[in-house]
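Any read-out appearing in this document is the output of simple, stated calculations on the displayed coordinates, not a laboratory observation. Please read these numbers as outputs of a predicted model, since none were measured by experiment. Neighbour counts run over all protein chains shown; Cβ positions are idealised from the backbone, glycine included.
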Amino acid sequence: MSEENLQRPIIIKRIKKVSGGGHGGAWKVAYADFVTAMMAFFLLLWLLNSTSKEQKEGLSDYFTPTVASTNSTSGAGDILEGMSINTDGTSASAVTAAIPDNVVVKEEEVEVTPEDSFETAIANREQEAFEDMATELSLSIQDSAEFSELEDQVIIDVTEDGMRIQLVDQNNRAMFRDDTAELYSYAERMVRHIASKVNNLPNRIAISGHTDSKPFRAGSTYSNWELSSDRAHTSRRVMSSAGVSADRFAEITSKASTEPLLPDRPDRPENRRITILVIREAPILPTNF
């Protein structure tokens with residue numbers, strides 16, 4: 001062996017294996033998390049693409065936190081604790097809490113279609129129109145020197161059928177002459193005044209005549225049926241002459257004494273009356289609306 005070879009340095013490489021050193025196996029965990037996240041992402045995209053609008057709303061409602069409230073003073077503080085309220089009254093954050101045993105939570109789903117919303121809006125507007133007209137008519141009678149004396153004989157209310165106006169007899173003042181369909185002059189002016197008000201509404205009108213239970217004399221061919229019918233038609237003619245068009249009248253009805261205003265006293269003069277009904281055209285709202 002030459003002297004040159006003896007002087008050359010000898011390099012020895014040692015490989016040291018360290019378990020868990022450097023990256024170790026941590027990259028596997030990170031990779032598994034990444035794959036899981038990607039699977040969840042693609043699953044979400046698939047769900048969004050394959051579900052209907054109603055199903056999405058159902059899923060949203062299912063995962064929306066619900067805050068229960070109760071009138072119990074002992075449980076209300078625990079349930080509402082941690083909730084902040086904005087200045088406009090809305091909740092800034094929702095919290096969930098254990099519901100006391102004495103609280104029963106019921107959930108009811110009601111499907112509201114555009115047609116339902118439209119019908120509700122129409123019904124609300126018609127109800128407001130009836131209430132406004134009832135108030136306006138009542139005030140106009142109270143403030144009138146001519147009609148204020150008849151104020152107690154005009155009953156105005158809003159029912160499920162529409163706005164109802166009743167002209168009622170009293171002991172000392174009747175609307176029609178005895179046993180005839182002839183209106184007194186003050187009663188005719190009242191009917192004209194009512195017609196001028198209800199003519200501002202587009203709704204149809206129904207008129208019915210009512211009598212007390214006292215029958216005509218024996219052997220008479222004229223009865224309370226004919227009398228109530230003739231009085232209803234007289235009222236219709238007066239309203240027509242006051243400007244209400246003929247196509248506004250939906251029905252003219254003879255009731256005789258079948259629907260007394262005072263059922264316990266069917267012979268009382270208050271049962272003799274004319275009912276003018278401005279008919280409700282829109283659907284009736286639920287009572288809990």
> Among the residues of segment 116-173, how many are surrounded by 11 or more Cβ atoms within 10 Å (Cβ to Cβ), among the aliphatic types (A, V, I, L, M) and over 23 Å from the mean Cα position of the chain (by Cα)?
Replying inline: 8
> When segment 187-238 is examined, which residues are found to be without any contact (Cβ under 8 Å) to a residue 40 or more places away in the chain and closer than 25 Å to Ala145 by Cβ?
Replying inline: Ala187
